[in-house]
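Taking it in order: structure first as structure tokens, then the write-up.
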């Protein structure tokens, strides 16, 4: 959350203030080392398990913390204090869809007969003589320059034509909502011979850099570059495609050299930026007076063959592409490159057909009227049309526009103001139709910049001082603390409020118009799979009367045809070729490119929540015509096979591991000592089962907790991906979820991952290397040889919940949750539940779900009694799913009876229930947390072990819920009351839910797998 004071003077997050957290790593490392070596006298655990893998800066912080820890008034050494059994909760943390692809088959609606096609072409472009016109070929084709446009090419005896439908030129969403691509980037600063890691965000009108991926930081961009100021992009070094330069205009002091972690990522960024620049030229041309009011217009090209002067065939993208020169072409839109996607013999004989047409026309006494049509609709390939100057502005306005990224706002208004902070800052307050901005300068500090999209401003209200007379303004920001500004006079303050209210009213009216049925192109009750609008369908668009040309475009080259073509292209071309193509601008970027059928094996262990995401992914892969096998515990066999997926067994009873985790602090030395004694035979069996069950895999996906997959993939020489429901990769932004609740110590956070990885490897390496030698028939390995930092890692949670840390590279993807709707086959709600919920709504009582999943809970009946009492005390209605009393638990007295305010059941699908209730109270499992946040309801979490503490802290930090530390009645009742009555918590939960529902995690994961499969097939030790 943003600090209400906005004070950046005190860096309280420095490691110097937190030596106890750093030293806890030292203590734990020594204790783990004693367990692993079975030697109580060893004191070298920190050096063996942590220090050797820290960098110099991290070692320096550890050394300083150690010195601070022993500071005192005596000459004797200080004793390490013991770690508490559990972390207390003092609440000190700061306040579905299914995708469908249209197949390319003979039965498709765009498959027209020859006479129908010729009739449409004549109707659209006019007759070219009395002699019968015959179709020679039809082919899916490309028109390209810097970008690609997918369409349909026709060659007849009389003409050559090309048709392509376009996406909406002006999507309904505001530019501030249209994030095309976002991710970490390393910016080169040649002037200072340095590099800086930043978060880069590309929208439809600008590029912005931020200090992190945290949404709160996005109110204050470090730099904004308007796309209108970018002249082009180019590689700095052809031998290093990960680095390219963004060339800007002379009035921008930007050194635009950027570097990405992988070639695949850099390639995708270049492609998306090129497409955004192209559309920027498109929108500029539209803005200066061209009448292109039909947002779903398309491209129509018709060359009478006898008018073609010359055809130059070139080889491009392994295609035979033609540059066509036409007599009398008045519209000069640069050179157009045309060519069929697949090789067509008649295309190579194009010049012969042209000569035949010329001979036929020459024999006529009266040549036919033969207009050349090159109608690119609202588009242009012309380079000289690239720059459109803004109206002249004075020097101050130009500086403000560049500083705040407001270059294309139609008008801006500014005045002097101060921002309320602990140290006040004088600057310029700016109001435009779409943004509120502030730019102030500190002496010897970085500038203060805010650029607030008008859509997130809930209100602008005046404020006055209690003692001193001030003329203040308070901006209520959706999901963030209020911002306050001070103006010189009341009249200026009132004028600011008037302008803000006028802009907000205009935006509300625009939103209303864009959402009315008359202007809506499609409608759907399910969440969209992408933040961009749905592709408009011409048949549903009725803004203007239908013309013959429109009929031809819809019939010949509908958007569905291009979608099906691109989707199936992967069956004909290798992925490397597809990725190297320029941006296809007239198709949605989230289309999945089909790949030849493969056998995907998913290896995971743990609870139901660890398995369910793989079922969702497996269903998605199966729809892509792949074979999917899930390797996990036997008790999940029937469930997995019920979705048409294959099952193979690995590992024993997951309940035993859960019981041990609840009874001991997760990944404590005590837990580790107990697990080593009981689970070495279990690990041996898991390794053997996993090896046998993964035979025949083409691609292996593994939760890293299963431990075996990376070695199996090496032995089988197959692509390997890691996927997981919680953070597992080293970062300085938060610690390992198994070791600690979040703290503000970057060195502690990084060291926690080092400790975890090294302890796990030290404890299991003997068994794993023996298994490698005897079963896998490959040699011993170590942590370095595994090159785990070069493994492609896909996290199946949302960036709305865990923003991607800057120190996670491009090989790490956060796809969004893998939701499995209707996970319980043949489930239906009991009639009594429906009646009970209706009664609660009639009584005006909020409904809360209470359930702790399949984990083991000590004293289950006592837990139930406390929950029932808290429900009655908070005056809510509760649906109680008592899964906690059904697994490996002993009776602890008589089971309490349920009052009418509670409805008890064994199991209920979260995707069905959560959207119908007011709050959810659960254990904080990754999947259940995702489900309640997706529904947009406040979430109460009582964590028990493992990553549940991490998710509880994330929910509380988001402001979308509450973490409770115990099951005391008073604490539970207070949490239930707050979750069902707090307006702010409800609003923040709704905002998080909207972002999650806009994602399609399964689709994004499959795209990532397709993109990186070639890289994952190579020897990681040889990769850069």
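The Cα atoms of region 831-998 cover 45, 40, 28 Å along the three principal axes, with the biggest extent listed first. A simple packing score, the average count of other Cβ atoms within 10 Å per residue, orders the peptides 144-150, 871-877, 955-961 as 955-961, 144-150, 871-877, with the highest score first. Taking the average, over residues, of other Cβ atoms within 10 Å as the packing measure, peptides 125-133, 984-992, 615-623 rank 615-623, 984-992, 125-133 from highest down. Available extension along the chain between residue 314 and residue 211 is 32.5 nm, counting 0.36 nm per residue and deducting the alpha carbon span.
Taking only the Cα atoms of region 705-754, the ratio Rg/Rh comes out at 1.12, with Rh defined as the Kirkwood radius. Extension gain for the segment residue 1024 to residue 491, taken as residue separation times 0.36 nm less the Cα-Cα distance, is 185.8 nm to one decimal.
As a rough guide to protection, the peptides 919-928, 816-825 ranked by mean Cβ packing within 10 Å, highest first, stand as 919-928, 816-825. Gyration tensor analysis over the Cα atoms of region 724-857 returns equivalent ellipsoid semi-axes of 41, 22, 16 Å (largest first, whole Å). The modelled label-to-label distance between residue 47 and residue 194, using points 7 Å beyond Cα along the C-beta direction, is 3.5 nm. A full extension of the chain between residue 231 and residue 990 corresponds to an added length of 269.2 nm, given 0.36 nm per residue minus the alpha carbon distance. Mean separation of Cα pairs under 8 Å and 6 or more residues apart, divided by the residue count, gives region 831-998 a relative contact order of 22 percent.
What the Kirkwood sum gives for region 793-856 is a hydrodynamic radius of 16.0 Å, with every pair of different alpha carbons counted. Each part reduced to its alpha carbon centroid, region 785-841 and region 937-1011 end up 12 Å apart.
Just so you know, all these numbers are worked out from the coordinates, no wet-lab data involved. Every value quoted in this text rests on a predicted model; they were computed, and no experiment measured them. Note that each Cβ is placed from the backbone with ideal geometry, even for glycine, and that neighbours are counted across all protein chains shown.
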